1. Whole-Hz Karplus ³J(HN,Hα) for the stretch 164-176, in order, using 6.51 cos²θ - 1.76 cosθ + 1.60 and θ = phi - 60°, x for Gly and Pro?
2. When a footprinting reagent is the concern and you count Cβ atoms within 10 Å, what order do Lys90, Lys59 take, fewest first?
3. Each residue of the stretch 94-108 in order: what ³J(HN,Hα) in whole Hz does its phi give by Karplus 6.51 cos²θ - 1.76 cosθ + 1.60, θ = phi - 60°, with x for Gly and Pro?
4. Out of residues 5 or more away from Leu200 or on other chains, whose amide H comes under 5 Å of its own, with H placed 1.01 Å from N in the peptide plane?
5. Which ³J(HN,Hα) values, rounded to whole Hz and listed in residue order, are derived for the stretch 145-150 from phi using the Karplus coefficients 6.51, -1.76 and 1.60 in 6.51 cos²θ - 1.76 cosθ + 1.60 with θ = phi - 60°, glycine and proline given as x?
6. I'd like the GluC sites (Glu not before Pro) in the stretch 176-267 restricted to DSSP loop residues with at most 14 other Cβ atoms within 10 Å, sorted by number.
7. If exposed chymotrypsin sites (Phe, Trp or Tyr not before Pro) are those in a DSSP loop with at most 12 other Cβ within 10 Å, what is the longest stretch of the chain that has none?
8. So for Leu47, Leu143, Leu204, fewest C-beta neighbours within 10 Å to most, what's the order?
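Values quoted throughout were computed directly from the atomic coordinates according to the rules given, and no laboratory measurement underlies them. As the structure is a prediction and not an experimental result, all values here were calculated from the model. Methodologically, a virtual Cβ is constructed for each residue, glycine included, from the backbone with ideal geometry; neighbour enumeration extends over all protein chains shown.
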Amino acid sequence: MNRTRILIKLTILLLFYSSTSFGGGWTRPKGGVFAKVDIYSISAKSLFDDDGNTFEIPKFDFLSSNFYCEVGITDRLTGIAYFPFYVSSKSAPFTGNEELNISNTGDLDIGARYQLLSNNGFVLSTSLTLGLPTGSADENELLWTGDGEFNQIIKLEAGLPIPGNIYAAGGLGYNFRSQGFSDEFVFDIEIGIGFFENRLFATLKSNSRIPMENGDEDVTGGYGMFSNNTGYISFGPEVSYFFKNGLGISANTFGAFYGRNLLAAPSYSAGIVYRFDPPKN
């Protein structure tokens, strides 16, 4: 497989809510809810190293079952939570016949988004996400289900509706990490369109993480996933459909054209979503 095809298939782990929420910047109305339960999976036989070169590895399978939720505390303040309640990593033997595998919970994220301004549909917000090390990250084990560190992501997010039920949104921020992991610059952008009175959404998203390389050189993180100095620029489509009762289904797939210290394979996700907006007075 040539380098171009491998780069297109590069998997990214969309760690938190950038891949599950509808547009940065917008907050939920007071009492409003958006929730999602999904399964995210990867099966890879290649890995990108620290220099961005690919090499073959024993087959590696990663699966994560996740819960994501946004709740409108006030019209301008939204609470956010993301919890991978079941994470499984499995690697074919490096030598001999012994397969490596681990399963546990992942790292819990809790945070909030606060709307700074709203003008003719344009919104500007700021958000804070706290990453709690609730997953398994034993330094004596090769496979992890979390990164074992407490981090804080601060972002500035914006959203703009466009005529024709189209919207554009984006955000940029900084991820402050601990335990010797490098900090990260984070950036995301998306454009979407709604059909059938916004019951069907088609969205194209791009998410990026660029490591600052200011961590401890001796900290490598987990094999395959949760490595130190992971970087990517990702892209992919997402489709969601809501029924009249607020329940719905959602699916996406993602790849990238730049990456380091992560798996090289396509990622897939599918789940059930729920949306509730309280009646307007």
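1. With coefficients 6.51, -1.76 and 1.60, one gets x, 6, 9, 9, 10, 8, x, x, 9, x, 9, 9, 8 Hz.
2. Working: Lys90 17, Lys59 14.
So the residues, fewest neighbours to most, are Lys59, Lys90.
3. Working through the residues one at a time gives 6, 9, x, 10, 8, 7, 9, 7, 8, 9, 5, 6, x, 7, 7 Hz.
4. Result for Leu200 returns Phe195, Phe242.
5. 10, x, 9, x, 9, 8
6. Sparse-neighbourhood loop GluC sites (Glu not before Pro): Glu197, Glu213, Glu217.
7. After excluding every exposed loop site, the longest remaining stretch is 95-195.
8. Values: Leu47 20, Leu143 23, Leu204 13.
Fewest-to-most Cβ neighbours within 10 Å comes out as Leu204, Leu47, Leu143.
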